[in-house]
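What follows is a single structure, written as structure tokens, with notes after it.
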Amino acid sequence: REDAIPDLNMGKMMVKADGIEEEILIAVEIVSVKSLFDVKIEIPKKFLDVMPGEEILATIKLFNIIGEDKVDVRVEYIIKNEENKVIVFDEETIAVETQTSFIKEFKIPLEIKYGKYMLYIKTTYNGDVASASAWFSVSKKPFWTGTNTSMIMMIMMIIIFSSILFYELRKIREDIKTHKRVDESMLI
């Protein structure tokens, strides 16, 4: 409806078929009918699955669709959980002539629960709202992913090197014993 308040509304839909039940997360963005702005957001693949306490980066693009003058637009950055509860909120005013693009960093709280989250960008100018949103996940990553991969590789190399060194030292010790026996037999 035209009188709907511009916002991001989230919910869940249960789908059942052939004895299988799936829960689908749904997000509906309500924007102004005639907004001066358009918004695009992209979360790089590396930041689509993060752990509590980490950061996510997002590329945000604001487009002044019909304006020719530089205007100040209010930008709100909101991270919501699956229950539509605001987890992170930040805002600023940005001057935009035709378009602007920037990277924004968001710190994920340490006490956050695992699950799906929505990064919602809302721009407001003269009461009109434009928005964009993107899903990401907060989860516990397996030990062998990410930065731990190099640590595992280093540990494996140390184990291999130590095994080779142990084998070589054992071989040298055997050679010394053999030479010692040969030397002792020559003395007799």
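The values are calculated or read from the model by the stated rules, or taken from the named source; none is laboratory data. These numbers come from a predicted model, not from an experiment. Note that we place each Cβ from the backbone using ideal geometry, even for glycine, and neighbour counts take in every protein chain shown. All accessible areas refer to the heavy atoms of the entire protein, side chains included, with ligands and DNA or RNA removed. Shrake-Rupley method; radii C 1.70, N 1.55, O 1.52, S 1.80 Å.
Okay, here's what the table says:
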{"item": "Alpha carbon Rg of the chain, scaled by the compact-globule rule 2.2 N^0.38 Å", "result": "1.85"}
{"item": "Per residue accessible area in Å² of the chain, where ligands, DNA and RNA are left out and the probe is 1.4 Å", "result": "71 Å²"}
{"item": "Computed helical MRE - 222 nm, the chain, DSSP H runs ≥ 4 contributing -39500 (n - 2.57), nearest 500", "result": "-8000 deg cm²/dmol"}
{"item": "Calculated diffusion of segment 2-102, Stokes-Einstein form, Kirkwood radius summed over Cα pairs, 37 °C and 0.692 mPa s, µm²/s", "result": "200 µm²/s"}
{"item": "Heavy atoms of Tyr120: accessible area, 1.4 Å probe, square angstrom to 10", "result": "0 Å²"}
{"item": "Overall form of segment 58-134 per C-alpha gyration tensor (a/c, 1.5; a/b vs b/c)", "result": "prolate"}
{"item": "Loop-located trypsin sites (Lys or Arg not before Pro) in segment 14-84, at most 12 other Cβ atoms within 10 Å (DSSP)", "result": "Lys34, Lys70"}
{"item": "In sequence order, calculated HN-Hα J values of segment 84-93 (Karplus, 6.51, -1.76, 1.60; Hz; x Gly/Pro)", "result": "6, 8, 6, 9, 9, 9, 8, 8, 7, 10"}
